[in-house]
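Below is one structure, written out as structure tokens; the observations come after it.
What follows draws every value from the coordinates through simple rules; no lab data is involved. From a predicted model like this one, the values you see are computed outputs, not experimental measurements. Note that each Cβ is placed from the backbone with ideal geometry, even for glycine, and that neighbours are counted across all protein chains shown.
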Amino acid sequence: MSKPTNLNRFRKNRARADQQARADQNAIRFGRTKLQKQLEKTRLLQADRNLDAHRKEE
């Protein structure tokens, strides 16, 4: 005689896999790594400082 299978476990595993696949798709579409965000922020701050340094004072 075989062991009874818990169908809830299979249903939950399938739901987790679907959710992970959706999360991976969103990460590809919208996501940036933390390093990319930090690099962009650093470049913007540097550009602002450079612009402020070249302003003429009235």
**Message:** So the check is Cβ under 9 Å with 6+ separation or different chains; which pairs have a first residue in the stretch 1-27 that's in contact (Cβ under 8 Å) with a residue 60 or more places away in the chain and a second one that's surrounded by 10 or more Cβ atoms within 10 Å (Cβ to Cβ)?
**Reply:** none
**Fill in**
Sole miss for ARG9 among (1) under 30 Å from the mean Cα position of the chain (by Cα); (2) exposed (fewer than 10 other Cβ atoms within 10 Å of the Cβ); (3) part of a loop (DSSP other than H, G, I, E, B) is condition (3)
**Message:** Among the residues in the stretch 30-45, are any part of a helix (DSSP H, G or I), of a type in the set (Gly, Ala, Ser) and surrounded by 10 or more Cβ atoms within 10 Å (Cβ to Cβ)?
**Reply:** no
